[in-house]
Amino acid sequence: MIDYPRRGGPTVLRILLGSQLRRLRESRGISTEQAGYEIRGSHSKISRMELGRVGFKERDIADLLTLYGVDDPAERTSLLDLAREANTPGWWHRYGDILPSWFEVYLGLEEAASLIRTYEVQFVPGLLQTADYARAVVRLGFPEASDDDVERRVRVRMTRQERFTSPGAPMLWAVLDEAVLRRPLGGSDVMRAQIEHLVSMAELPNVTLQVVPFGAGGHAAAGGPFTILRFAEPGLSDVVYLEQLTSALYLDKPADVDLYMKAMNNTCITAVRPDDTVSILTDILAQT
């Protein structure tokens, strides 16, 4: 954990440190109530810390390490340094006035993911949007936003995309319902440029793109869009992200993740093979 590459900002570092604190506590047979009392807090505060849901006070970490019997100076220093780094804002912090806190958590997880699998039924995924298409999506969701706010939201999406054409880029596997490609969001010119962009992205070695055609009928993921994030670093379990209108759900229990993974795999089987995606996009482009 100490050698973990610092990618993903405070979100991932908090999760990693929280997991380590939980292991230390459980190895000593100490309850969350006892740990909470030690730092003048409640058992629920310990639970939130161990899940990486809150920031860390250095004094609290030092007191917990003492309680857990961590006396080695080097180990204490490493963990306290990690706590300080976990409180360092990510690049998205400067957009905090327009981003809800629940989405900032996702940005941190996305930044650290080595594989992102996503299924969409209404819009092109944010990681594959052109600026003009993203602008149309933002205006649809925030009709009263100022021009400046719209542009800043678009900039967040464009910044997220930079990783996928950089060295060490993660893998992205996106499955789109055909309706996404048929809906002329932003007008025909914007949609044509968006589909052309999808053709270019589909040719990248780290991007897999599939389309579920109308003719496929019902399929396993018909319930709605979702994203599965996988991490190369030990200590981080897969996370399923479900975005709602005013909040989001983060599922990491193995039973939940397995259910969504099966739905994703079955949807990929229902979808047209990745090798045929460019042909489908080209056909739709000719009709647009």
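The values are calculated or read from the model by the stated rules, or taken from the named source; none is laboratory data. Predicted model, so just to flag it, every value in this text is computed and none were measured. Cβ coordinates were reconstructed from backbone atoms using ideal geometry, including for glycine residues, and neighbour counts include every protein chain displayed. When the accessible area is computed, the model is the full protein with side chains, heavy atoms only, and any ligands, DNA or RNA have been set aside. Shrake-Rupley method; radii C 1.70, N 1.55, O 1.52, S 1.80 Å.
Quick check: anything in region 237-249 outside any helix (DSSP H, G or I), open to solvent by 80 Å² or more (accessible area, probe 1.4 Å), hydroxyl-bearing (S, T, Y) and modelled with pLDDT under 95?
Step one: filter region 237-249 for residues outside any helix (DSSP H, G or I), giving 237-249.
Still in the list and also open to solvent by 80 Å² or more (accessible area, probe 1.4 Å): 243-246.
Subset that is hydroxyl-bearing (S, T, Y): 246.
From what is left, the residues that are modelled with pLDDT under 95 are 246.
Yes.
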Picking from E120, E104, the residue that is under 28 Å from A271 (Cα atoms) and of a type in the set (D, E) would be E120
Taking region 182-214 and keeping residues within 14 Å of E120 (Cβ to Cβ), of a type in the set (D, E, K, R) and assigned to a loop (DSSP other than H, G, I, E, B) leaves R183
Filter the helices (runs of 4 or more DSSP H) completely within region 66-181 down to those with at least 3 residues that are in contact with a strand residue (DSSP E or B) (Cβ under 7 Å, 6 or more places away or on another chain).
-> 101-112
Of the residues that sit in region 6-34 and are within 27 Å of L107 (Cβ to Cβ) and of a type in the set (V, I, T), which one is most open to solvent (accessible area, probe 1.4 Å)?
-> I15
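Among the residues of region 152-187, count how many are among the charged types (D, E, K, R) and either under 14 Å from Q129 (Cβ atoms) or open to solvent by less than 10 Å² (accessible area, probe 1.4 Å) (or both).
Step one: filter region 152-187 for residues among the charged types (D, E, K, R), giving 152-153, 155, 157, 160, 162-163, 177-178, 182-183.
Those left that are additionally either under 14 Å from Q129 (Cβ atoms) or open to solvent by less than 10 Å² (accessible area, probe 1.4 Å) (or both): 153, 155, 157, 160, 162, 183.
Final tally of qualifying residues: 6.
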Does any residue in region 188-209 that is open to solvent by 70 Å² or more (accessible area, probe 1.4 Å) come within less than 7 Å, Cβ to Cβ, of a residue that is part of a helix (DSSP H, G or I) six or more places away or on a different chain, and which pairs are these?
-> R192/L285; E196/L285
Among what's in region 35-57 and is in contact with an Asp or Glu (Cβ under 7 Å, 6 or more places away or on another chain) and touching a residue at least 24 places away in the same chain (Cβ under 8 Å), pick the residue that is least open to solvent (accessible area, probe 1.4 Å).
-> I39
Contacts under 8 angstrom Cβ, first residue in region 97-108 being among the small types (G, A, S), partner open to solvent by 20 Å² or more (accessible area, probe 1.4 Å), 6 or more apart | G108/G9
Out of (1) in contact with a Gly (Cβ under 8 Å, 6 or more places away or on another chain); (2) open to solvent by 60 Å² or more (accessible area, probe 1.4 Å), the odd one out for T66 is which?
-> (1)
Looking only at region 58-86, count how many residues are in contact with an Asp or Glu (Cβ under 9 Å, 6 or more places away or on another chain), of a type in the set (A, V, I, L, M) and farther than 21 Å from H43 by Cβ.
-> 1
